[in-house]
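Beneath this line is the structure, given in structure tokens, with notes to follow.
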Amino acid sequence: MPDTSTEVAIATTTLGSAAANITFSGISSAYTDLRIVLTAAGSASEQVYMQFNGDTGTNYSQTYLQGNGGTAESLRQTSVAYIFAGRMADSVYGSSMRGLTTINIFSYAGSTNKTTLSEGNNDTNGQGLVSRHVGLWRSTSAITSVKLYPSTGNFTTGTTATLYGIL
């Protein structure tokens with residue numbers, strides 16, 4: 001069966017200087033799902049975190065898997081203050097590694113808890129890692145804003161994030 005969904009670019013941010021976060025706000029409820037594509041590097045950080053509607057409470061849970069061709073790891077967390085969305089740099093390969101992360105947010109305007117699926121892909125000179133993340137925001141509120149931020153440091157100049165609505 002062919003995919004009949006349509007992606008509509010809602011907003012794009014490209015950083016002209018380092019920034020502590022990228023926030024999309026005023027998100028319309030006109031779509032069924034959301035997708036964010038992030039190409040990022042950080043000044044000191046490995047990880048990209050995500051929060052919804054300014055909620056900094058411990059209302060999030062997550063599971064992730066990652067590997068680099070030689071080793072693999074997994075983690076499950078409940079009652080944390082963010083969803084792990086991807087990696088920008090890696091301590092093994094250096095902070096020059098850029099990450100490509102795709103974040104899917106399902107039924108974001110619905111009245112049930114919100115789920116996410118993220119894919120992270122990183123490469124530096126043929127060395128890198130891949131990761132997959134499943135997240136849960138325990139809230140029945142419609143998502144009207146999404147904040148992306150590094151676990152430490154800043155997003156560097158040239159980091160780009162695009163928010164899409166899925167019809």
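The values are calculated or read from the model by the stated rules, or taken from the named source; none is laboratory data. These numbers come from a predicted model, not from an experiment. Please note: Cβ atoms are built from the backbone with ideal geometry, for glycine as well, and neighbour counts cover all protein chains shown.
Please determine, by comparing only the residues of the stretch 60-85 that are buried (at least 18 other Cβ atoms within 10 Å of the Cβ) and of a type outside the set (Gly, Ala, Ser), which one is farthest from THR39 (Cα to Cα).
Among those that are buried (at least 18 other Cβ atoms within 10 Å of the Cβ) and of a type outside the set (Gly, Ala, Ser), it is TYR60.
Can you work out which of the residues in the stretch 138-167 that are closer than 20 Å to SER61 by Cα, under 13 Å from the mean Cα position of the chain (by Cα) and among the hydrophobic types (A, V, I, L, M, F, W, C) is surrounded by the fewest Cβ atoms within 10 Å (Cβ to Cβ)?
Top of the filtered list is VAL146.
Can you go through TYR64, TYR60 and tell me which one is at pLDDT 95 or above and within 17 Å of the chain's Cα centre (by Cα)?
None of the other options fit; the residue is TYR60.
Filter the stretch 119-165 down to the residues that are modelled with pLDDT of 95 or more, of a type in the set (Gly, Ala, Ser) and closer than 24 Å to THR14 by Cα and list them by number.
Result: SER145, ALA161, GLY165.
(1) surrounded by 15 or more Cβ atoms within 10 Å (Cβ to Cβ); (2) at pLDDT below 95: which one isn't true of TYR31, the others all being true?
The failed condition is (2).
Does ASN113 satisfy the criteria of being among the polar types (S, T, N, Q) and at pLDDT below 90?
no
Out of (1) farther than 26 Å from ILE166 by Cβ; (2) at pLDDT 95 or above; (3) crowded, with 16+ Cβ neighbours inside 10 Å, the odd one out for GLY42 is which?
So GLY42 meets the others, but not (2).
Name the single residue that is nearest to ASN154 (Cα to Cα) among those in the stretch 86-107 being surrounded by 18 or more Cβ atoms within 10 Å (Cβ to Cβ) and at pLDDT 90 or above.
THR101
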